[in-house]
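Worksheet: one structure, shown below.
The values are calculated or read from the model by the stated rules, or taken from the named source; none is laboratory data. In this text, all values refer to a predicted model and were calculated from it rather than measured experimentally. Every residue, glycine as well, gets a Cβ built from its backbone with ideal geometry; the counts of neighbours run over all protein chains shown. Quick note on the areas: whole protein, heavy atoms, side chains included, nothing else; ligands and nucleic acids left out. Shrake-Rupley method; radii C 1.70, N 1.55, O 1.52, S 1.80 Å.
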Amino acid sequence: MQLQELHDFIVDKIDDIKAQDIVTIDVRGKSSITDLMVICTGTSNRHVASIADHVEKETKLVDYPPLRISSDKEGLWVIVDMGNVMLHIMQENARELYQLEKLWS
């Protein structure tokens, strides 16, 4: 999958499951691990996990599974590593605390 196609696919899938405040940050030239970061907010630990599960299932259906999925024990933050696109699914308080948009802008 090409970069823009992968990005659009991920954004579509997280929008399907009602992720909030979806933001994309282009980190090419700033990060050696990915090209784009997609950040979104889940309303609870269950919602955060559900968003990650939905993305995992949908990407497997198109034979493009995540390289890795990482999460904390509390369900505040899940990272879905798709290679060129890194998806960060965070609860609102974690998103405010870590301020990834400000860090990478």
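At a glance:
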read-out	value
Fully extended contour minus Cα-Cα distance, from TYR98 to LYS57, at 0.36 nm per residue	12.0 nm
Largest-first principal axis extents of the Cα set of region 56-105 (Å)	35, 27, 13
Amide H within-cut-off set for GLY83, under 5 Å, with H built and near neighbours excluded	LEU67
With DNA, RNA and ligands ignored, accessible area of SER31 (1.4 Å probe; Å², nearest 10)	20 Å²
Cross-link partners of LYS13 among lysines (Cα-Cα below 16 Å; sequence separation of 8 or more within a chain)	LYS57, LYS60
Volume in Å³ per residue [convex hull over Cα atoms, computed for the chain]	90 Å³
Fraction of beta bridges assigned by DSSP in region 3-104 that are antiparallel (%, nearest 5)	65 percent
The chain - percent relative contact order, Cα under 8 Å, separation 6 or more	28 percent
Once exposed loop trypsin sites (Lys or Arg not before Pro) are cut out (DSSP; at most 15 other Cβ, 10 Å), longest piece of the chain	31-72
Per residue value of the accessible surface for the chain (all protein chains in place, 1.4 Å probe), Å²	58 Å²
Portion, in percent, of the accessible area of region 3-104 that falls on carbon or sulfur, probe 1.4 Å	49 percent
